[in-house]
1. Any idea how many residues of the range 28-76 are within 21 Å of residue 103 (Cβ to Cβ), of a type in the set (S, T, N, Q) and part of a loop (DSSP other than H, G, I, E, B)?
2. Would you please name the residue that is nearest to residue 102 (Cα to Cα), looking only at residues in the range 5-14 that are touching a residue at least 40 places away in the same chain (Cβ under 8 Å) and part of a strand (DSSP E or B)?
3. With the checklist (1) under 13 Å from the mean Cα position of the chain (by Cα); (2) within 17 Å of residue 124 (Cβ to Cβ); (3) free of Cβ contacts under 8 Å to residues at least 12 places away in the same chain in hand, flag the one item residue 17 doesn't pass.
4. Can you list the helices (runs of 4 or more DSSP H) found entirely within the range 95-205 that contain at least 2 residues being closer than 27 Å to residue 58 by Cα, touching an Asp or Glu at 6+ places or on another chain (Cβ under 9 Å) and of a type in the set (S, T, N, Q)?
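The values are calculated or read from the model by the stated rules, or taken from the named source; none is laboratory data. Predicted model, so just to flag it, every value in this text is computed and none were measured. A quick note on method: Cβ atoms are made from the backbone with ideal geometry, for glycine too, and the neighbour counts reach across all protein chains shown.
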Amino acid sequence: MKTGQFTTLAKPVEGVVFKERNSKFLGYAYPVTDETRIEALLSRLRKQHGKANHVCYGWQLGTDPVIWRVNDDGEPNNSAGMPIYGQIQAFGLTNILIAVVRYFGGTKLGVGGLISAYRKTAQLTLEEGKTVTKTVLKNLTVECDYKDAHQVMQMVKRHRMKILSQKNEMRVQFILGIPLNNYKEALDHLRDLAGVTVEGDPELE
């Protein structure tokens, strides 16, 4: 994969079933961009499966650095969350949540059996989904007078930026998403514009 790109799910995958010794495991996977969305999805799953014994999960956000979390939700330590997260790594994905809901079937699986079942459910869930490769964007704040806004718009088009927000007050303020592999060049060109102030990421300059 090219530098400045990442792979995630194109759309959610829900309710993939795996059964092991009368226990039923249901796999769910979602493309996500922030922890607020992750918590909302997990809350919805817990309500949807109020009678389930466990709702275990693993997730990862970002590229460099990455943020990740796992949760065993009452299963033995590292028997659920880590096997789920391992499949995120195995498929080379990020900006993704995988949750596995378990309905206990009356027969204990043991730690080894649990690891295998949660891993397999996560794997089957990801195999049902389609992936998409996206460009890593870094944010930049730009301010200018109204008369200079057209210069900024020209740079947006030239460097394939995304306008994440725009405020029209005393001055025009843009928050722009710039492809990581084009960040330095775009930043330099914006700073060359007369009447335009730019606030970038010092770590990338």
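1. The total comes to 1.
2. Applying the filter and picking the extreme gives 13.
3. Failed condition: (1).
4. Fully inside the range 95-205 and qualifying: 110-128.
Residues are listed down the side, and each one gets a yes or a no for (1) modelled with pLDDT of 90 or more; (2) touching a helix residue (DSSP H, G or I) at 6+ places or on another chain (Cβ under 6 Å); (3) on the phi > 0 side of the Ramachandran plot:
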{"residue": "113", "(1), (2), (3)": "yes, no, no"}
{"residue": "130", "(1), (2), (3)": "yes, no, no"}
{"residue": "136", "(1), (2), (3)": "no, yes, no"}
{"residue": "146", "(1), (2), (3)": "no, no, no"}
{"residue": "150", "(1), (2), (3)": "no, no, no"}
{"residue": "156", "(1), (2), (3)": "no, no, no"}
